[in-house]
Amino acid sequence: MSEKSKYVGVLGCGTMGVGIAIVSARAGFNTIVIDTQQSALDQAAAFADKFFAKSVKKGKMSAQQKDEIMGEKLTWSMNYDALDKCSFVIEAVFEDLEVKQKVFSQANESCPKETIFATNTSTLSITSIAAGSGRPEQVIGMHFCLPAQVMKLVEVTRGLQTSDDTFNRTVEFGETLGQVLVNTKERPGFILNHFIVAFNNDCIRAYENGLASVEDIDKAVKHGLGYPMGPFELLDYIGMDTQLRVSLALFNQIHDHSFYPPPLVKRMVDAGFLGRKTGRGFYKYGESGMFGT
Amino acid sequence: MRIQNVGVAGFDKAAGIIVQVIAGGGFPVIAWQKDESGLEKSKKELSEALGNAINSGFITKEEKEDILNKITFTSDMTSLKDADVVIESAVEDVEIKKGIFSELSGLIREDAVLATNTSCFSATEIAGSAGNPQRCLGLHFLESVRGTKFVEIVRTENSSEETISLAVEFCSELNIECVVVKDSPGFLVNYLFVPYMNRALEAYDQGLADKEDLDTAIRMGLGYPKGPLELIDKIGLDKHLHLTGQLYRRINDPRFSAPSILNRKVEGGKLGIKTGEGFHSYK
Ligand SMILES: NC(=O)c1ccc[n+]([C@@H]2O[C@H](COP(=O)([O-])OP(=O)(O)OC[C@H]3O[C@@H](n4cnc5c(N)ncnc54)[C@H](O)[C@@H]3O)[C@@H](O)[C@H]2O)c1
């Protein structure tokens, strides 16, 4: 691999960005992490440090490897010029079309002309994001799962203009990252959100309509279908604000009733019942984080 | 505990799960089936199913023997007359189920419980053909791909409170998870599962992803034990088509209407693993 291809840029280091940066640095890439907030960079660096310290403790890497990653592989910056050697840039900024178009057009100024721009968008169109990038043939979707540093799956999605070369290089890159790639058609929600958003809304609606209690639906789904979590346990992790936003984003593009958020979702958001992060969602969480207390 | 002797009336595939749970829980089971010839087939199928359960690590060889030793197969319905509970698990045909209920209600004791394992029909309707529907209910047995078993205790319009609590007690005796549900179409699990599966089939037909990628995404991204296409191949495409069709007829909700690809596959004889091909090929 050329010297150049060893550099990866990650734009935005919130929940997803920091996970993607960890994946990239762990795979040996010099990873440049960009955010507009110094506080976000500091938090992300602390998070990565803690994560790798745990990896050392678990015997997954040596202390020396950790130091090398934290000291040399990961660079934290607020300046897009730091992207000048990157062969891949992955953006994980706010889920907002204008913001995503803006960060790509900024990166377009700083990056070599062959650099591929991957977007981690969950609900927006790859083609629309590409339209503001200045290099639409080199824009592609790489949708990581939360938490990215643990989950192996990545949905790869081509926009209308994405070139074959971009696609092939992305597949190769994804494999170097040690991820498992699946290829999806450009459609709102790709595979995962298409199914999970509709399923969760079905479950909320069933509860809202008095079919059964939250506990019984969770029990039925876990024991009857063998899913790892009940829908309401999962929703309390996801957050009702996110469920509302993602549901509306999908519904507004597809106009399929399955994606429309049941009225209860909005009411829970208004009441501040967002899930674990506010101590109450479908379940109540005490200070210990246990439900029901 | 009032329940000692359990009868299973009719022996479709799902009955295999029922006898596994009940005989595995230590109760003797009398398995009745109308025709002599079907008995051998049922025995063979059950033995195979238990063999698969051993291979998957869900039960041991000894447990299999134990289970088989607890089951008496018979084609004589009067063998069920002393049962404390009889669970009907005949083919998914409402008239056949009603017929069995009406025959059994004249045969078993007044205080014995009569249950149907129906997945797509109304338990209340089936119970209507029994003399005293207060002692009737639905007991819908499910088995996930992980091997976990689960029972939906279906409260019909006429089930007595005593009947329901006896069923709850029975499940806890068997050490199996259960919920009490309304007698609404699909109860809980299928009401939530069937639209998910239909959505998956439709998305696949519309080219969302190829079959391997679709299954991999759901397994690895959502942590479900199987992807939708490998799962329906296991369930049987014909079985899902029947279920979704019956539920659609009762609910009239488009989420339950059978996707066209499902009809095409079934018409083409591609029913899943059992025919060597469904969405994936097993040849
Ligand atoms: N959270 C999830 O479960 C999840 C899963 C898969 C994909 N996604 C997608 O990933 C993306 C990020 O989501 P998140 O949950 O990590 O969000 P987040 O709010 O946690 O992080 C976004 C980060 O982007 C930074 N940012 C905003 N504008 C920027 C700019 N112009 N330049 C550089 N940085 C900027 C913010 O300061 C923040 O740190 C979204 O597109 C989201 O849809 C999220």
Return the value, in Å² to the nearest 100, of accessible area buried between chains B and A (probe 1.4 Å, both sides summed).
3400 Å²
Output needed: Cys residues of the protein assembly as shown lacking any neighbouring Cys C-beta below 4.7 Å, sorted by number.
A:Cys13, A:Cys86, A:Cys111, A:Cys145, A:Cys203, B:Cys120, B:Cys136
With each pseudo-label sitting 7 Å past Cα toward Cβ, what's the A:Lys6-B:Glu45 distance in nm, one decimal?
6.3 nm
Using a Förster distance of 51 angstrom, determine the FRET efficiency expected from the C-beta separation of A:Leu97 and B:Ser260, and round it to 0.05.
0.90
When Cβ neighbours within 10 Å are restricted to other protein chains, what is their mean count per residue of peptide B:189-198?
5
Based on DSSP H runs of at least 4 residues, each adding -39500 (n - 2.57), what is the mean residue ellipticity at 222 nm of chain B after dividing by all its residues, to the nearest 500 deg cm²/dmol?
-14000 deg cm²/dmol
Output ³J(HN,Hα) for region B:227-233: one whole-Hz value per residue in order, computed from phi by the Karplus curve 6.51 cos²θ - 1.76 cosθ + 1.60 with θ = phi - 60°, and x for Gly and Pro.
x, x, 6, 5, 5, 5, 4
Can you give me the span-like helices of chain A, meaning DSSP H runs with 15 Å or more of Cα extent along the axis and Kyte-Doolittle mean at or above 1.0?
A:15-26
Could you give log10 I(q)/I(0) at q = 0.09, 0.16 Å⁻¹ for chain A, computed by the Debye formula over C-alpha point scatterers of equal weight, without solvent?
-0.48, -1.29
Where a ≥ b ≥ c are the square roots of the eigenvalues of the C-alpha gyration tensor, would you call region B:143-214 rounded, which needs a/c under 1.5, or, failing that, prolate if a/b is larger than b/c, or oblate?
oblate
Rg/Rg_globular for chain B, with Rg_globular taken as 2.2 N^0.38 Å and Rg from C-alpha atoms
1.01
Calculated FRET efficiency for the pair A:Lys58/B:Asp76, C-beta based, R₀ 45 Å, to 0.05
0.15
Prolate/oblate/rounded label for region B:17-75 (Cα gyration tensor, a/c 1.5)
oblate
Which residues of region A:171-213 bury at least 50 Å² of accessible area once all protein chains are present, versus their chain alone (1.4 Å probe)?
A:Lys185, A:Arg187, A:Ile191, A:Leu192, A:Phe195, A:Phe199, A:Asp202, A:Leu211
Using a Förster distance of 30 Å, how high is the FRET efficiency between B:Asn252 and A:Ala271, based on the Cβ-Cβ distance and rounded to 0.05?
0.35
Shielding by partners, peptide B:173-183 (average Cβ within 10 angstrom, other chains)
3
Around A:Glu208, under 13 Å between beta carbons, what's the net of Lys plus Arg minus Asp minus Glu among the other residues?
+2
Stokes-Einstein translational diffusion, the protein assembly as shown - Kirkwood Rh over all Cα pairs, 1.567 mPa s, 4 °C, in µm²/s:
49 µm²/s
Neighbour net charge for B:Val85 - beta-carbon separation under 12 angstrom, K R +1, D E -1
-3
Which distance in nm do the two modelled labels at A:Asn79 and B:Glu161 give, with both placed 7 Å along the Cα-to-Cβ direction?
7.7 nm
Normalised contact order of chain B, rounded percent, pairs of Cα under 8 Å and 6 or more residues apart
13 percent
Take the alpha carbon gyration tensor of region B:149-276, find the square roots of its eigenvalues, order them as a ≥ b ≥ c, and report rounded if a/c is under 1.5; if not, report prolate when a/b exceeds b/c, else oblate.
prolate
Long-range amide H partners of A:Val10 with built H, under 5 Å
A:Ile32, A:Val33, A:Ile34, A:Ile90
Taking amide H positions as placed 1.01 Å from N in the peptide plane, with prolines and chain starts having none, which residues 5 or more places from A:Phe29, or on another chain, fall under 5 Å of its amide H?
none
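The values are calculated or read from the model by the stated rules, or taken from the named source; none is laboratory data. As the structure is a computational prediction, the values presented were derived from the model and not from experiment. Neighbour counts run over all protein chains shown; Cβ positions are idealised from the backbone, glycine included. Remember, those area values only see protein heavy atoms, side chains included, never the ligands or the DNA or RNA. Shrake-Rupley method; radii C 1.70, N 1.55, O 1.52, S 1.80 Å.
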